[in-house]
Amino acid sequence: MIYAPHTLYKKQECPIELDKFGKPIPSEGFKWVRIGVCRCDDDTTQRLVSTNGQEYRSRYHIVYDRTDAVIEGDEVRCLDADGKVRGQGIVGMVKSTNYLKYSELWT
């Protein structure tokens, strides 16, 4: 992708870790996994309709280079170069291209 000023992260649940006595170790229970560079655009005017007729409005439109990393229902966030959150949400729709290796997400 030529213009990709942001970085895409996906929220991944972590299994509960136990200490040597079998007690759970306190943790957040998740971690943010870096997927790659992306472009995140504010998209509050877009109205989407799913295949089953459910209608919702997307807040962000994200384009990234890979096609298999994120699925519908995943929680993602995009960070600016300085580490500030550009956009965050649950993926409502994923579209992949046939010949080019990039995907589009709407959250």
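Since every read-out is calculated from the coordinates, none of them should be taken as a lab result. Just so you know, these numbers come straight off a predicted model, no measurement behind them. Here Cβ is always computed from backbone atoms with ideal geometry, including for glycine, and neighbour counts include all displayed protein chains.
Among G83, G92, G22, the largest mean-square fluctuation in a Gaussian network model of the chain, built with springs joining Cα atoms closer than 10 Å, belongs to G22.
Between R57 and K20, the contour length at 0.36 nm per residue exceeds the Cα-Cα span by 8.5 nm.
Distance between the pseudo-spin-label points of S96 and W32 (7 Å out from Cα toward the beta carbon): 2.5 nm. For the cross-link pairs K31/K84; K11/K101; K10/K31, the ones whose C-alpha atoms lie over 19 Å apart are K11/K101.
Of Y56, Y99, the sequence from fewest to most neighbouring Cβ atoms within 10 angstrom is Y99, Y56.
The chain gives an Rg/Rh value of 1.07, both radii derived from C-alpha positions and Rh following Kirkwood.
Taking the chain as a Gaussian network of alpha-carbon nodes connected by springs under 10 Å, the highest mean-square fluctuation of the residues C38, C14, C78 belongs to C14.
Can you sort F21, F30 so the residue with the fewest Cβ neighbours within 10 Å comes first? Could you put the intermediate results ahead of the total?
On the way: F21 5, F30 11.
Least crowded to most crowded, the residues run F21, F30.
Cβ crowding within 10 Å, taken as a proxy for footprinting-reagent exposure, orders E55, E75, E104 from fewest neighbours to most as E55, E104, E75.
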